[in-house]
Each structure stands twice: as C-alpha cells, then as structure tokens.
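The values are calculated or read from the model by the stated rules, or taken from the named source; none is laboratory data. Model, not experiment: these values are computed from the prediction. Glycine also receives a Cβ, built like all others from the backbone with ideal geometry; neighbour counts cover every protein chain displayed. These area figures cover heavy atoms from the full protein model, side chains too; ligands, DNA and RNA do not enter into them. Shrake-Rupley method; radii C 1.70, N 1.55, O 1.52, S 1.80 Å.
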Amino acid sequence: MKIILASASPRRRELMKLISESFTAVSVDADETLPANIEPIKASEYLAKIKASAAAGLYPESIVIGCDTTVICDKKILGKPKNKNECREFMNMLSGKTHKVATGCCIISKNNIAEASSFTVVTDVTFRTLSDDEISEYISTEEPYDKAGGYGIQGKGALLIEKINGDYFNVVGLPVSKLNQALKKFIHL
C-alpha cells in the first residue's frame, strides 16, 4: 500500500526516509486555523489530523501521514516568525528558559478517519541565556523564518540550545521512532 506524507517540509521528508524509502511527499491545502479554546499542547495533533484528512481525500487508497510541530513557551504557541522583529521577540522569550516542542502525527488508512491513529510527542528544550548580539546574529540568517519558534535545532539554532530532554528528531519535526511503531499497525515496513 502506498504511503503519503502530507508535508512540504524538507526536514520531515529526510527523516521519513529513516522509516521507509517508499513514500510520496505531498503538500496539501488545508485550513490551519486553530479553535480559540484549544490547549497549546494539543494544537499540533489537531493540525496533523486536518492535514492527514485533507490528503486522505486526495489519496483514498493510501496510508496518509499528517504532521505538525508547535513550539510552546509560557503556554503560548510560537509559530513561524513573520519578520525580524517577531523573531527577536521569540528569541528573547526563549532565552534562558525551557520550552516544549510538540509534534502531532495522524495516520489515516484508506480514507477512514474513524480508524485514524494520532499521537503527540513532546520534547523539552532549554535555551542558553542569549545576549542581544547573539540574537541579532541569529535573526540575520535565513534560518529562523520557516521554522516554528524561529529556530532549527539541526542548524545554527543548535548553538542557542543548552540541553534537550526527549526525542531530538521530534524537535526537527518528525518523531521517527514513535511514528515507525505506529505505522507498523497499518503495514509491515
């Protein structure tokens, strides 16, 4: 059975290759508006379900995987920064603190949302206390602007991090071990 990864993220595509070389990555158009009262820790799984459902409608005979990653600091979701000012705000907020990175995944087989399997993996990430110069240097790169929370642990963002507690790959955007185990319920890899 064909596997569809409903993600435009090049990082997720690379990580998915650790699980299987036999998949197709597609970008889906889905309304990613969060309900006003959603708990921040549940937002990524909610969005993963929306993405998986949208892709399952396009690929009804496939196993579809939807994913979304959120960065949560002080109970606030930090999305992809829109500009340098917002990125600076995010870096100041994360500096010297531990925050949560939550990646939600949803697997749908044969367009059957009733049999969907979804989960969230959470990793705690602690930033060093950053100087204004370090923040300015980082936000002047192209790296922060296509990543939740405004940093990439697999790039120069690694220089900002003091420690992590949990799954490193989850912070990159795909909890490969947990996803691999979940997929085994749908197919033999």
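Here region 91-117 is the region considered, the condition is being at pLDDT 95 or above and over 18 Å from the mean Cα position of the chain (by Cα), and the residue that is nearest to Leu5 (Cα to Cα) is Met91. Within the bounds of region 76-85, is there any residue that is touching a Phe, Trp or Tyr at 6+ places or on another chain (Cβ under 7 Å), basic (Lys, Arg) and either within 30 Å of Ser140 (Cα to Cα) or buried (at least 20 other Cβ atoms within 10 Å of the Cβ) (or both)? Yes, region 76-85 has at least one match. What's the number of the only condition in (1) open to solvent by 30 Å² or more (accessible area, probe 1.4 Å); (2) at pLDDT below 95 that Ala182 fails to meet? Result: Ala182 fails condition (1) only. Filtered by the rule that a residue be within 16 Å of Ile63 (Cβ to Cβ), assigned to a loop (DSSP other than H, G, I, E, B) and hydrophobic (A, V, I, L, M, F, W, C), region 1-22 gives a lone residue, Met1. Considering only region 51-70, state which residues are open to solvent by 40 Å² or more (accessible area, probe 1.4 Å) and touching a Gly at 6+ places or on another chain (Cβ under 9 Å). Ser53, the sole residue that qualifies.
Condition check for Lys51 on (1) under 23 Å from Lys100 (Cβ atoms); (2) of a type outside the set (A, V, I, L, M, F, W, C); (3) outside any helix (DSSP H, G or I); (4) in contact (Cβ under 8 Å) with a residue 12 or more places away in the chain: one failure, at (3).
Residues checked against (1) farther than 21 Å from Val176 by Cβ; (2) within 18 Å of the chain's Cα centre (by Cα):
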| position | (1), (2) |
| --- | --- |
| Ser9 | no, yes |
| Glu32 | yes, yes |
| Ala36 | yes, no |
| Glu39 | yes, yes |
| Glu89 | yes, no |
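Per the conditions (1) open to solvent by less than 10 Å² (accessible area, probe 1.4 Å); (2) over 11 Å from Cys106 (Cα atoms); (3) not basic (Lys, Arg); (4) not in a helix (DSSP H, G or I), the sole criterion not satisfied by Asp31 is (1).
Within region 92-112, can one find any residue that is exposed (fewer than 15 other Cβ atoms within 10 Å of the Cβ) and under 23 Å from Ser9 (Cα atoms)? Among the residues of region 92-112, not one is exposed (fewer than 15 other Cβ atoms within 10 Å of the Cβ) and under 23 Å from Ser9 (Cα atoms), which makes the answer no.
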